[in-house]
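A quick write-up on the structure given underneath.
The values are calculated or read from the model by the stated rules, or taken from the named source; none is laboratory data. Given the structure is predicted, the values throughout are model-derived calculations rather than measurements. Backbone-built Cβ (ideal geometry, glycine too); neighbour counts: all protein chains shown. Heavy atoms of the whole protein, side chains included, go into the accessibility calculation; ligands, DNA and RNA do not. Shrake-Rupley method; radii C 1.70, N 1.55, O 1.52, S 1.80 Å.
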There are 2 protein chains.
Amino acid sequence: MNGAQRPLRIGLAGLGTVGCGVIRLLDANRALIEARAGRQLQITAVSARDRTRDRGVDLSAFAFESDMTALAERDDVDVVIEAAGGSDGPALELAGATLGAGKGLVTANKAMVAHHGLELAERAAQSGAALRFEAAVAGGIPVIKGLREGAAANSIDRIYGILNGTCNYILTRMESTGADFADALAEAQELGFAEADPSFDIEGVDAAHKLAILAAIGFGAKVDFNGVAISGITQVSAADISQAKALGFVIRLVGVADCDDPQNGTGRSALLQRVRPCLVPLDHPLANVSGPTNAVVAEGNFVGRLLFQGAGAGAGPTASAIVADLIDLARGDAGPPFSLPVAELEAMDRADPGGRTGRDYIRFTVTDRPGVLAEITAAMRDAGVSIESLIQRGRAKESGGEVLLAMVTHEGPERCVAEALALLEGSPSLTSAPLVLPILRD
Amino acid sequence: MNGAQRPLRIGLAGLGTVGCGVIRLLDANRALIEARAGRQLQITAVSARDRTRDRGVDLSAFAFESDMTALAERDDVDVVIEAAGGSDGPALELAGATLGAGKGLVTANKAMVAHHGLELAERAAQSGAALRFEAAVAGGIPVIKGLREGAAANSIDRIYGILNGTCNYILTRMESTGADFADALAEAQELGFAEADPSFDIEGVDAAHKLAILAAIGFGAKVDFNGVAISGITQVSAADISQAKALGFVIRLVGVADCDDPQNGTGRSALLQRVRPCLVPLDHPLANVSGPTNAVVAEGNFVGRLLFQGAGAGAGPTASAIVADLIDLARGDAGPPFSLPVAELEAMDRADPGGRTGRDYIRFTVTDRPGVLAEITAAMRDAGVSIESLIQRGRAKESGGEVLLAMVTHEGPERCVAEALALLEGSPSLTSAPLVLPILRD
């Protein structure tokens, strides 16, 4: 270890799973971390709401601040780790104060970066401080580094991936056990793969935070979380999963970001960001991603398709990503957080999805009586939707009962499917709103 | 782009597929590359054996050196890209001269780094020059960066992967078509996935180069190419692939490196590096890696299992990795090439594989007559090998003909299988030497 350099002194805000994970990791792997960093990494001060709770880690060597913003002002802190959480409030205040003081900030806070990443990057640029958030996306997987540095020579065509381990756990359990959504969610909660209030996960918001961050880095754009069209997995039923399987697909919650060619007359390219449950062909690498694993694909114009896969959450993987950022900072490597200097990040227009083409899975729940199929297929024809395959399953016991009808369309404009469903709106044949899931483009 | 910094001036040695790929990439993506690098990247001089050959790229703006070592001495060169190839000779001379002159060296030359990486890293450390070789391992996949920086906080337990696209193409074609090795190789040669002289690929030497480099980085060891035990894929037959499939596996050429716990009395841990065709369980991520794709898994003590996958070769991916290295150098990020300062790299002992336990696939070719099965199973029993499953296929038409016998063993010491085969050596029942393929440990 290079003893010539002075230690990197760290203030740690938040002593939950992630914060304590960082303390344990620095303790367990200290020798190799310091050899790779070329300096000592030394936590000097910590902050948490409750000082006295037993967390199973020894805090006696660290100063304690009950107000976490005070970490930013301490003379013995060079870098602050923000592991407290929350997109605004104290976490954002700490982040602003840290960067404002010219100190490095390392955070795992995807909500904060998705909502306020741009202003934090501006603050960092003003003071010359480093801002890093590898742990904010896909847990321990070094995908921000992979995109920002590893694929830096490429124009990125598309970024997509499985970004939420809770949803992926639920969907793959539904797949392997035939359970319906509610039961798989309850199981995930029991096992600690889902939180007591799982709404941010199952409604796709968490995946959207991560997608917005990846898109900003990949496309050199100003992070635009509000531009992400989000649908979660709560509408996916056991029947959808078995229909999809019969058609040669699995269902995964996938975040996809890509750019329109700048042929919209403005000369500016437009960004499309969507988080949706998708049908994934069985031979696609994402189809094999099961349980709480995350996986991200980046497609570059020279490198082709890169896949990064690993644990998307948990104390160990998240701490691994945070300490990787610390090692980079200790080594003096502190490029712009979003891959380009913040002044060069583009405010991209939002693309109109109606102009896109694709294939869809559409599931109808219909009354079981003559003429329903003719009504639906006529609406498809009138809207210009071409049907590739169709399954009618689970014929109701008594006539007039409910039947599931699933179809996969040929490639066509997305707006045509919407038009077909508009034609069917209000039809007494449909017992509930149809569910449309896109088929992931290879 | 930051115009304040002066350009990074590049000398490019070698104008084959890779060298021309770099020229094309810098040309196609210039604006975004320079925005990410914060400086201009400017090729000033090139070198190749033949100046006049039409390569489809415009060389008129570059100075030409017929002796590539002269690139290192030019005043208008800050960094040299070595894309000429060859583990020794002019490439090594150029590398030494470049680093000796305190200039950065970026190379795609896996053979040179595997054989001479340590001396080059020493030279780089002496002069304070940067040495980078992302393109030397797994083409465009940023796996060296992922391991060296992304997983830097972890003690690595094991590194393994599919490191040779030619072999993977051949094996997956054998799998999908039932072709035998020679036919699949001929097809790969026709399609450009295998060279006219494919021996470095099919005999596992190329994969071993890459494994030795990954192991050095992952374990902080002095690169030890000669310590890699290598077997290639030439002995794998169509019958092995179909037997493996029947048993629930695919066959892949996998390089594996791991460390023994330091319980060998010396207090030093020992490194085991092997490249072998392995049986991979169908639900393992590597089983889904087909065609010329590469994939690397790194298992860290906090991050768990990370998978990096992508194109393992080709002009575009290789150029992508080279230019990623250039961007890092342009941004001033030049950590030690093998993740630790060269003086701290450990000369690790070589582990004794006989002390390991594992499961094996063993294929016998035997004469079809009574008593053969009893003879083989008795040898297994006497050597302490426990058989998990056994398939006898392809009964010969006339008695006394050849029959294939394939078995999978239970977990046991590797030396026992060797002992069993020694007991059977010289037996007239065996018509050729048995083939032993390990089963990849999950």
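Quick notes on this one:
- Candidate set from segment A:306-332 (those that are in a helix (DSSP H, G or I) and facing another protein chain (nearest Cβ under 7 Å)); member that is farthest from B:A321 (Cα to Cα): A:G316
- Candidates A:E388, A:E299, A:E375, filtered to the one that is within 14 Å of chain B (Cβ to nearest Cβ) and acidic (D, E): A:E299
- Residue satisfying all of: in segment B:344-359; open to solvent by 30 Å² or more (accessible area, probe 1.4 Å) and under 22 Å from the mean Cα position of the chain (by Cα); modelled with the lowest pLDDT among these: B:P353
- Yes/no for B:G161 being modelled with pLDDT of 95 or more, of a type outside the set (S, T, Y) and buried (at least 23 other Cβ atoms within 10 Å of the Cβ): yes
- Residues (among the acidic types (D, E) and surrounded by fewer than 23 Cβ atoms within 10 Å (Cβ to Cβ)) located in segment B:296-342: B:E299, B:D333
- Subset of segment A:287-296 (residues that are more than 7 Å from chain B (Cβ to nearest Cβ) and over 15 Å from A:I141 (Cα atoms)): A:A287, A:S290, A:G291
- Candidates A:L271, A:L211, A:L286, A:L279, filtered to the one that is farther than 26 Å from A:R393 by Cα, assigned to a strand (DSSP E or B) and of a type outside the set (V, I, T): A:L271
- Hey, A:I213 open to solvent by less than 10 Å² (accessible area, probe 1.4 Å) and at pLDDT 95 or above or not: yes
- Segment A:24-60 - residue that is of a type in the set (D, E) and more than 14 Å from chain B (Cβ to nearest Cβ) and, of those, least open to solvent (accessible area, probe 1.4 Å): A:D50
- Test: residue in segment A:227-237 that is touching a Phe, Trp or Tyr at 6+ places or on another chain (Cβ under 7 Å), in contact (Cβ under 8 Å) with a residue 60 or more places away in the chain, outside any loop (DSSP other than H, G, I, E, B) and farther than 20 Å from A:L345 by Cβ: no
- Pair list, Cβ < 7 Å and 6+ apart or interchain, from segment A:368-382 residues that are exposed (fewer than 14 other Cβ atoms within 10 Å of the Cβ) and of a type in the set (A, V, I, L, M) to residues that are at pLDDT 90 or above and outside any loop (DSSP other than H, G, I, E, B): none
- Qualifying residue in segment B:394-412 (condition: open to solvent by 70 Å² or more (accessible area, probe 1.4 Å) and either assigned to a helix (DSSP H, G or I) or modelled with pLDDT of 95 or more (or both)): yes
- Checking each residue in segment B:129-158 for being open to solvent by 10 Å² or more (accessible area, probe 1.4 Å), over 16 Å from the mean Cα position of the chain (by Cα) and assigned by TED's automatic domain parsing to the domain that holds B:E187 picks out B:R148, B:S155, B:I156, B:D157.
- Condition met for A:E190 (without any contact (Cβ under 8 Å) to a residue 24 or more places away in the chain, among the acidic types (D, E) and surrounded by fewer than 20 Cβ atoms within 10 Å (Cβ to Cβ)): yes
- Here B:L282 passes the criteria (1) more than 15 Å from B:Y160 (Cα to Cα); (2) more than 14 Å from chain A (Cβ to nearest Cβ); (3) hydrophobic (A, V, I, L, M, F, W, C); (4) touching a Phe, Trp or Tyr at 6+ places or on another chain (Cβ under 8 Å) except the one numbered (2).
- Residue match in segment B:16-23 (condition: buried (at least 19 other Cβ atoms within 10 Å of the Cβ) and in contact with a Lys or Arg (Cβ under 6 Å, 6 or more places away or on another chain)): yes
- Single residue of segment A:275-286 satisfying the filter (modelled with pLDDT of 95 or more and within 19 Å of A:V143 (Cα to Cα)) that is surrounded by the fewest Cβ atoms within 10 Å (Cβ to Cβ): A:L286
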